[in-house]
1. Any idea how many residues of the range 1-15 are open to solvent by 100 Å² or more (accessible area, probe 1.4 Å) and part of a helix (DSSP H, G or I)?
2. Answer yes or no as to whether S72 is more than 15 Å from the chain's Cα centre (by Cα), in a helix (DSSP H, G or I), surrounded by 10 or more Cβ atoms within 10 Å (Cβ to Cβ) and of a type in the set (S, T, Y).
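The values are calculated or read from the model by the stated rules, or taken from the named source; none is laboratory data. Just so we're clear, the structure is a prediction, and the values are computed from it rather than from any experiment. Neighbour counts are summed over all protein chains in view; Cβ atoms, including those assigned to glycine, are modelled from backbone coordinates with ideal geometry. Quick note on the areas: whole protein, heavy atoms, side chains included, nothing else; ligands and nucleic acids left out. Shrake-Rupley method; radii C 1.70, N 1.55, O 1.52, S 1.80 Å.
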Amino acid sequence: MISYLVDAVLLVALAITSVKMVTMYRELRRLGSYHADYQRVFDQTSLALDGIEVSIQEINVRGAQVLNALGSRMDDARDLIAEIDGLIREAKRQQSVLKAELKQLSAELAVRPSASQFTPSDTDPAAASSKDGARRTDPLLTGVTPPTEMRVHRIDDLQTGPFRSVSMHRKDDLT
């Protein structure tokens with residue numbers, strides 16, 4: 001009888017162990033399916049990271065190309081700025097030279113005697129004694145043509161394009 005009692009306890013323990021084994025087997029199967037899902041997610045993550053790595057490499061290459069192009073453009077711009085500065089300095093130098101020449105010419109014109117001193121007058125004895133009315137001339141003015149009428153022609157910019165029209169009212173006088 002004691003053996004029946006021990007056998008009953010062992011049978012109950014075997015039943016409980018079997019039930020626990022079945023539940024554990026189900027959980028392991030469920031964890032196995034989760035593992036497959038996790039593996040699939042990790043594989044997709046790995047592919048995404050590889051794509052990101054390729055994109056970063058492409059961005060680095062394109063960035064380097066843009067940086068090199070921008071650097072060359074900046075060098076060109078610096079060269080142009082230096083050239084423009086040189087031209088501006090040269091223009092300012094020429095402007096100062098021209099201003100100095102203008103001052104010199106205006107000073108010479110202020111010092112030069114007027115043309116009325118060289119025309120005969122009624123009170124001039126040399127002009128009165130001369131029968132043909134010869135005039136004395138300024139040696140500086142010989143070879144200089146008398147000033148003529150200045151004509152200014154208007155340039156109309158009717159369009160914003162590169163072509164312009166010239167309006168001339170007295171075309172036949174132009175030579």
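1. Looking only at that region, the number is 6.
2. no
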